[in-house]
């Protein structure tokens, strides 16, 4: 039952974050980069939490992949910013996303061990859905060709992560799931 409450709380946070994004019209490329960095860091932090807490080989493999691949995107983004001699900028949306990540981690750390995998995967599905929507929006709105290329290249990976999280989430619900 706690997992359902956690998922409900995550949905409320997602809705409030999307509302904050809707109020944030006309983000600059530097603000978009700031949001992408925060989102990837949130995925890395959640993955590291899962690596510490899960007993499931499947969830461990997934979390390890999340840490590695989102870390790689952050490295590519930092390299892009260095080449452009630009600095990522904070925005109301990046601040809300950072707070959401902090709250997500607190909730994940508070979940009992036997409910952790489900709570982590519920969080991943919700967060990755949000990330894919953001990337779709940012691809259309960015003015920098290199940033657009980075987003277009990263998008299939984020979609794949969402698909994996959803499949693992469904597998956990099946009786006899081998961990």
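To make sure I understand, if each residue's beta carbon is the centre and we count other beta carbons within 10 Å, what order do 70, 161, 114 fall in, fewest to most? Working shown, then result.
Details: 70 25, 161 22, 114 9.
In increasing order of surrounding Cβ atoms, one gets 114, 161, 70.
Using only the Cα atoms, work out Rg/Rh for the range 2-172, with Rh taken as the Kirkwood radius, to two decimals. Don't jump to the answer; show the numbers that get you there.
Values: Rg = 15.6 Å, Rh = 16.2 Å.
Here Rg/Rh amounts to 0.96.
Based only on other Cβ atoms within 10 Å, what is the fewest-to-most ordering of 43, 124, 76, 173? Each step should come with its number before you reach the end.
Working: 43 25, 124 28, 76 14, 173 9.
Fewest to most other Cβ atoms nearby, the residues stand as 173, 76, 43, 124.
Quick check of the Kirkwood formula: for the range 82-179, what is the inverse mean of 1/r over all pairs of different Cα atoms, in Å? Before the final figure, lay out the partial values.
Details: mean 1/r = 0.0638 Å⁻¹.
Taking every pair of different Cα atoms in the range 82-179, averaging 1/r and inverting gives 15.7 Å.
Here, each number is a calculation from the coordinates, and none is a lab measurement. As the structure is a computational prediction, the values presented were derived from the model and not from experiment. Ideal geometry is used to build each Cβ from the backbone, glycine not excepted, and the neighbour counts take in all protein chains shown.
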